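First comes the structure, then the notes that go with it.
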Amino acid sequence: MIKVPPSVALGEDFTLHVEVTNPSDSPLFLESISLGDNLNKGFEYLDAVPKPVANSIYDDEISLEWSEILLPGQTFTADISLKAVKAGIWTGTLEFWNEDFADYVSSSVTIRVNPSAPPEGSVPDSLSPVRNPGE
């Protein structure tokens, strides 16, 4: 299960809440969680709880490694803190990898980053004063 706000403001910090449950009858080794596609182009990784044992940030992916063994029915929960750094609609996948990197499960995520509003009373650069023709 993934919980994320449907939209955030540019510059806003927010939490991506992830829960991974082992549905099988045997232990499951969770190696890492990767935020793929273009998700990392709109966001900056800040932190995670629990702390990953390692993290890697590439051009197209943020990978967080925990190396957890989940017993049948057991759930691993992580809160991943991100900062919205670029306005737009960002869609990508969260991939949950096992230890041999052969099998993974993925889930799609879409987050809208709204442009920040100009300070109250300010005039956007794109607007110029309107003058009367007689002035």
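The values are calculated or read from the model by the stated rules, or taken from the named source; none is laboratory data. Everything quoted here is computed from the prediction, not taken from an experiment. Neighbour counts run over all protein chains shown; Cβ positions are idealised from the backbone, glycine included.
Looking only at residues that are of a type in the set (Phe, Trp, Tyr) and closer than 28 Å to Pro115 by Cα in the stretch 10-63, which one is surrounded by the fewest Cβ atoms within 10 Å (Cβ to Cβ)?
Kept after step one, since they are of a type in the set (Phe, Trp, Tyr), are these residues of the stretch 10-63: 14, 29, 43, 45, 58.
Of the ones still in play, those that are also closer than 28 Å to Pro115 by Cα are 14, 43, 45, 58.
Details: Phe14: 19, Phe43: 24, Tyr45: 17, Tyr58: 10.
In this case the residue turns out to be Tyr58.
Can you give me the number of residues within the stretch 84-105 that are exposed (fewer than 15 other Cβ atoms within 10 Å of the Cβ), at pLDDT 70 or above and not in a loop (DSSP other than H, G, I, E, B)?
The total comes to 2.
In this structure, is Lys51 among the charged types (D, E, K, R), more than 14 Å from the chain's Cα centre (by Cα), over 14 Å from Ser108 (Cα atoms) and not in a strand (DSSP E or B)?
Yes; evaluated as a whole, the condition is true for this residue.
Quick check: anything in the stretch 71-82 in contact with a strand residue (DSSP E or B) (Cβ under 8 Å, 6 or more places away or on another chain) and at positive phi?
yes
Are any residues in the stretch 64-74 part of a strand (DSSP E or B) and surrounded by fewer than 17 Cβ atoms within 10 Å (Cβ to Cβ), and if so, which ones?
Glu65, Ser67, Ile69
Based on this model, can you work out whether Thr77 counts as surrounded by 12 or more Cβ atoms within 10 Å (Cβ to Cβ), in contact with a His (Cβ under 8 Å, 6 or more places away or on another chain), over 15 Å from Arg112 (Cβ atoms) and modelled with pLDDT of 90 or more?
yes
Restricting the search to the stretch 1-48, which residues are under 14 Å from the mean Cα position of the chain (by Cα), assigned to a loop (DSSP other than H, G, I, E, B) and closer than 17 Å to Glu95 by Cβ?
Within the stretch 1-48, Met1, Val4, Gly36, Asp37, Asn38 qualify.
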